[in-house]
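The values are calculated or read from the model by the stated rules, or taken from the named source; none is laboratory data. As the structure is a computational prediction, the values presented were derived from the model and not from experiment. When we count neighbours, we look across all protein chains shown, and the Cβ atoms used for this are built from the backbone with ideal geometry, even at glycine. Accessible surface is based on the protein model in full, side chains and every heavy atom, while ligands, DNA and RNA are left aside. Shrake-Rupley method; radii C 1.70, N 1.55, O 1.52, S 1.80 Å.
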Amino acid sequence: MKTILPFLFVAFCLLSSSLFAQSKSFNVGIEVTPNYSFYSGSDFYYHDGAYIDDIYYSGTERESTEKKPSISFGVILSYQLNNRWSFESGLKYVNRGHKKSGGNYDYSYFGYNYINSIEGDSNIEYQENYNYLSVPFNARLALGGDPNKGWYIRFGVSADYYLSSQTNYKFNTDEVDRKKGTFPNDSDIRKTHLNLNYGVGYSFLVNEIYQLSVEPAFDYMFYRLYHKGDDFTYNSAGVKLRLMIF
């Protein structure tokens, strides 16, 4: 997959350039979206033929789940239907995930690594990372009637294909100080996802050649991440920065 991904980007860029050269209705550009990935749901892990709660804990402290800084970026192709409507697709890399921390556990279960007999107080921190290749299908409506500048709304869906994932963890116990490690978390994971995309933004022209857009953007994942256990999804909120070439 690591070798296929660059070829997919190159092929999409060549196709975009060809369409752009044939018709001024087609425009190509790039976009970057710094965002926060928000965890929604509950955790269950697969172990010995059954899905179990991810942490067995001894009393006072429960885990706290935190949003994780993430990013997406890629190439965008836009088709201008008229002065108000345009349609967009592209090819993007998308990262999702979350952070967790907690304490006072008797023992912990991390994916394939089962850490036994952690007695006494412990503090655990771990971060989930999931990487996807995403193809958006969006409509864009220019609110002022000018497709090149002014306010607009964007909405549609994106189809995501799973690339890789990993969990990074570290913990303190009475016996072990700041142990660190990683483990794969791709058992039973869905390979494809469908997401809702929407946002409101503002565009302006630079030298009559480039269009810059700034947009608060939101993504909502329709399906949970795993087929059976791990009943959670990721939603994201960020600022989409886009440069289109006319």
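So how do Glu66, Glu125, Glu88, Glu208 rank on accessible area, 1.4 Å probe, biggest first, that is with the largest at the start?
Reading off the accessible areas and sorting them downward yields Glu208, Glu66, Glu125, Glu88.
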Item to check | chymotrypsin sites (Phe, Trp or Tyr not before Pro) restricted to DSSP loop in segment 188-232 with at most 14 other C-beta within 10 Å | outcome: Phe222, Tyr223
Checklist entry - Counting only the heavy atoms of the protein chains, how much of Trp151 is accessible to a 1.4 Å probe, in Å² to the nearest 10? => result 150
Item to check | Label point distance in nm, Asn82-Ile245, each placed 7 Å from Cα along Cα→Cβ | outcome: 3.0
Item to check | Order of exposure, largest accessible area first, which applies to Ser40, Ser236 with probe 1.4 Å | outcome: Ser40, Ser236
Checklist entry - Considering only protein heavy atoms, what is the solvent-accessible area of Lys99 at a probe of 1.4 Å, reported in Å² to the nearest 10? => result 70
Next on the checklist: Using only the heavy atoms of the protein chains and a 1.4 Å probe, how would Tyr36, Tyr93, Tyr130 rank by accessible area, largest first?
Outcome noted: Tyr36, Tyr93, Tyr130
Item to check | Placed amide H near Lys149: partners under 5 Å, 5+ positions off or other chain | outcome: none
Next on the checklist: Rolling a 1.4 angstrom probe over the protein chains, ignoring ligands and nucleic acids, what is the accessible area of His98 in square angstrom, nearest 10?
Outcome noted: 0
